[in-house]
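The values are calculated or read from the model by the stated rules, or taken from the named source; none is laboratory data. All values derive from a computational prediction rather than experimental measurement. Glycine also receives a Cβ, built like all others from the backbone with ideal geometry; neighbour counts cover every protein chain displayed.
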């Protein structure tokens, strides 16, 4: 039951994405196996029958060579075509399902708080997207399809041999099911632990390697570089041990199938010899039965790799399954009254695993077109407040009503892609004229015009190729493309030089007309854009002052100067 609960969402996704293609792939795989067995058996019958017919001229003249020869050619062509079709259909269907799985994961990770928690462990996120999803292709290609084909083969072989002798057919079918499925099941049991250890060791190795490469400077300065190298070596050793254990299991499976095949062939040889001696069957039919028995266990060998990797597949299903559950229908965000952009009442926010709330019993109102600056020490809850208004996190208690908002975070998220595609993330329908317009407003048009490829210029990872100021201006252009009535600015000029910071703020201020603005800051130049200052301490509002009041000037003077 626990195993089925882990695979249920995965199987549901497989059936929902490419149901008919998956079924067609299994049918083509079965046709391939049946054609191969029939080809081998018919060829043996034909060769034996031809040799016997050649012993006398009368029998040779009466023997029909055309029908068996045509059947052999047909089976050979059918086997080739079915094999090609099976490979094409099964892999296309599997890749389509895995693409749908990745899309489902991305959509679920875009839900409030999910992406934030995953980004705290990027190696884990990478492992889920790559190795865990790739492990699931074994479920269809190496478990389900081979199992269906093997069971069908056992039934067909049992029927074919039963036509010669019912007892022979029953014995052969029973042996195929017992040995053909028993060996993989035993292998799966013994491979379960090393397969899981391998998955954990691979995840640890990748995580340790990423830490070593990304943090080698810090590790060297802290004198921990050698220790980290040792940790990478230990993780690699565990991975090697797991691989060795799985290889041994696979070797025993191969040997087990060899013994089972020899037993089936020996038993069939004894049976057909007895039947031929009794005159029940002739030599050609005996040859047909032997060759069918020789190929009967071949389809079961397809389960070998799947059962060895079953532990890894189950682990991946258990880790990914909860993340691909169907998303609930999104609740429509409550909108504030006509004169308000944001309305919060007694809101509490708590991150998972935290005993103290980040925001506690907070009430805040922001009018349309009004600008407020939220000030306070680091850790006071400023970024949490912006994330709450942006719907990136959800409130534990209280009421939150706000207009559609765009959040400009402290960190500029740029991707290894063209300038155009980095901008189109904000508005996929924007044409080049609009892109150039927002770049001009952001003060980046002159720079882009000097680039040989213009908007098609490729950026490196994280926006490599742009200075800090240029990256910030590109983020500002993306903000302008969103064109929402509420802007959320989280320290928009942090890390910029004085001249660039003032230019960015002037361009922001020129576009703020008619919009509601919330700025989280501890810098005076940013807070000066606000009509009202709100002081936040330990998740609570401890004071507020409007422009023109003495408290406003005092709070402004206490902030960090430009």
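One residue is enough: does the stretch 510-522 have a residue meeting the conditions under 22 Å from residue 377 (Cβ atoms) and either surrounded by fewer than 20 Cβ atoms within 10 Å (Cβ to Cβ) or not assigned by TED's automatic domain parsing to the domain that holds residue 438 (or both)?
yes
Considering only the stretch 403-438, state which residues are part of a loop (DSSP other than H, G, I, E, B) and touching a strand residue (DSSP E or B) at 6+ places or on another chain (Cβ under 6 Å). Don't jump to the end; show me each part of the working.
Going through the stretch 403-438, the residues part of a loop (DSSP other than H, G, I, E, B) turn out to be 403-404, 409-417, 425-431.
403, 409, 410, listed by residue number.
Search the stretch 455-471 for residues being part of a helix (DSSP H, G or I) and in contact with a helix residue (DSSP H, G or I) (Cβ under 6 Å, 6 or more places away or on another chain), and hand back the single one that is farthest from residue 406 (Cα to Cα).
First, pick out the residues of the stretch 455-471 that are part of a helix (DSSP H, G or I): 455-456, 461-463, 468-471.
After this cut, where a residue has to be in contact with a helix residue (DSSP H, G or I) (Cβ under 6 Å, 6 or more places away or on another chain) as well, the list is 455, 463, 469, 471.
Values: 455: 23, 463: 20, 469: 20, 471: 17 Å.
Result: 455.
Report yes if some residue within the stretch 77-93 is out of contact with any strand residue (DSSP E or B) (no Cβ under 7 Å at 6 or more places or on another chain), at pLDDT below 80 and either assigned by TED's automatic domain parsing to the domain that holds residue 149 or at positive phi (or both); otherwise report no. Steps first, answer last, please.
Step one: list which residues in the stretch 77-93 are out of contact with any strand residue (DSSP E or B) (no Cβ under 7 Å at 6 or more places or on another chain), which gives 77-93.
Those left that are additionally at pLDDT below 80: none.
For the stretch 77-93, residues out of contact with any strand residue (DSSP E or B) (no Cβ under 7 Å at 6 or more places or on another chain), at pLDDT below 80 and either assigned by TED's automatic domain parsing to the domain that holds residue 149 or at positive phi (or both): absent.
In the stretch 132-161, what count of residues is obtained for those that are more than 26 Å from residue 28 (Cβ to Cβ) and over 40 Å from the mean Cα position of the chain (by Cα)?
The first filter runs over the stretch 132-161 and keeps only residues more than 26 Å from residue 28 (Cβ to Cβ), leaving 132.
Remaining after also requiring over 40 Å from the mean Cα position of the chain (by Cα): none.
Number satisfying all stated conditions: 0.
Taking the condition of being within 30 Å of residue 246 (Cα to Cα) and either part of a helix (DSSP H, G or I) or without any contact (Cβ under 8 Å) to a residue 12 or more places away in the chain (or both), how many residues in the stretch 267-304 meet it?
The first filter runs over the stretch 267-304 and keeps only residues within 30 Å of residue 246 (Cα to Cα), leaving 293-304.
Okay, now just the ones that are also either part of a helix (DSSP H, G or I) or without any contact (Cβ under 8 Å) to a residue 12 or more places away in the chain (or both), so 293-296, 298-301, 303-304.
Total satisfying the criteria: 10.
For the stretch 170-186, check the following and say yes or no: at least one residue is buried (at least 19 other Cβ atoms within 10 Å of the Cβ), without any contact (Cβ under 8 Å) to a residue 40 or more places away in the chain and either on the phi < 0 side of the Ramachandran plot or not in a helix (DSSP H, G or I) (or both). Outline the logic, then answer.
Narrowing the stretch 170-186 to residues buried (at least 19 other Cβ atoms within 10 Å of the Cβ): 172-173, 175-176, 179-180, 183-184.
From what is left, the residues that are without any contact (Cβ under 8 Å) to a residue 40 or more places away in the chain are 173.
When the remaining residues are screened for being either on the phi < 0 side of the Ramachandran plot or not in a helix (DSSP H, G or I) (or both), the result is 173.
Yes, there is a match, as at least one residue in the stretch 170-186 is buried (at least 19 other Cβ atoms within 10 Å of the Cβ), without any contact (Cβ under 8 Å) to a residue 40 or more places away in the chain and either on the phi < 0 side of the Ramachandran plot or not in a helix (DSSP H, G or I) (or both).
Out of curiosity, is residue 489 under 39 Å from the mean Cα position of the chain (by Cα) and surrounded by 21 or more Cβ atoms within 10 Å (Cβ to Cβ)?
Working: under 39 Å from the mean Cα position of the chain (by Cα): yes; surrounded by 21 or more Cβ atoms within 10 Å (Cβ to Cβ): yes.
Here the answer is yes, as residue 489 does meet what is asked.
Search the stretch 398-416 for residues that are outside the structural domain of residue 378 (by TED's automatic domain parsing) and at negative phi and pair each with any residue that is assigned to a loop (DSSP other than H, G, I, E, B) and surrounded by 20 or more Cβ atoms within 10 Å (Cβ to Cβ) when their beta-carbon atoms are under 9 Å apart and the residues are at least 6 apart or on different chains.
none
Working only within the stretch 339-355, note down all residues that are outside any strand (DSSP E or B) and touching a residue at least 12 places away in the same chain (Cβ under 8 Å). Let's see the steps before the verdict.
Going through the stretch 339-355, the residues outside any strand (DSSP E or B) turn out to be 339, 350-355.
Selection gives 339, 350, 351, 352.
Which members of the stretch 363-402 meet the condition of being assigned to a strand (DSSP E or B), in contact with a helix residue (DSSP H, G or I) (Cβ under 9 Å, 6 or more places away or on another chain) and either more than 18 Å from residue 532 (Cβ to Cβ) or modelled with pLDDT under 85 (or both)?
The answer is 400, and nothing else.
Each row is one residue, and each column tells you yes or no for (1) touching a strand residue (DSSP E or B) at 6+ places or on another chain (Cβ under 6 Å); (2) part of a helix (DSSP H, G or I); (3) within 20 Å of residue 134 (Cα to Cα); (4) in contact (Cβ under 8 Å) with a residue 24 or more places away in the chain.
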residue: 226; (1), (2), (3), (4): no, yes, no, no
residue: 251; (1), (2), (3), (4): no, yes, no, no
residue: 264; (1), (2), (3), (4): no, yes, no, yes
residue: 306; (1), (2), (3), (4): no, yes, yes, yes
residue: 320; (1), (2), (3), (4): no, yes, yes, yes
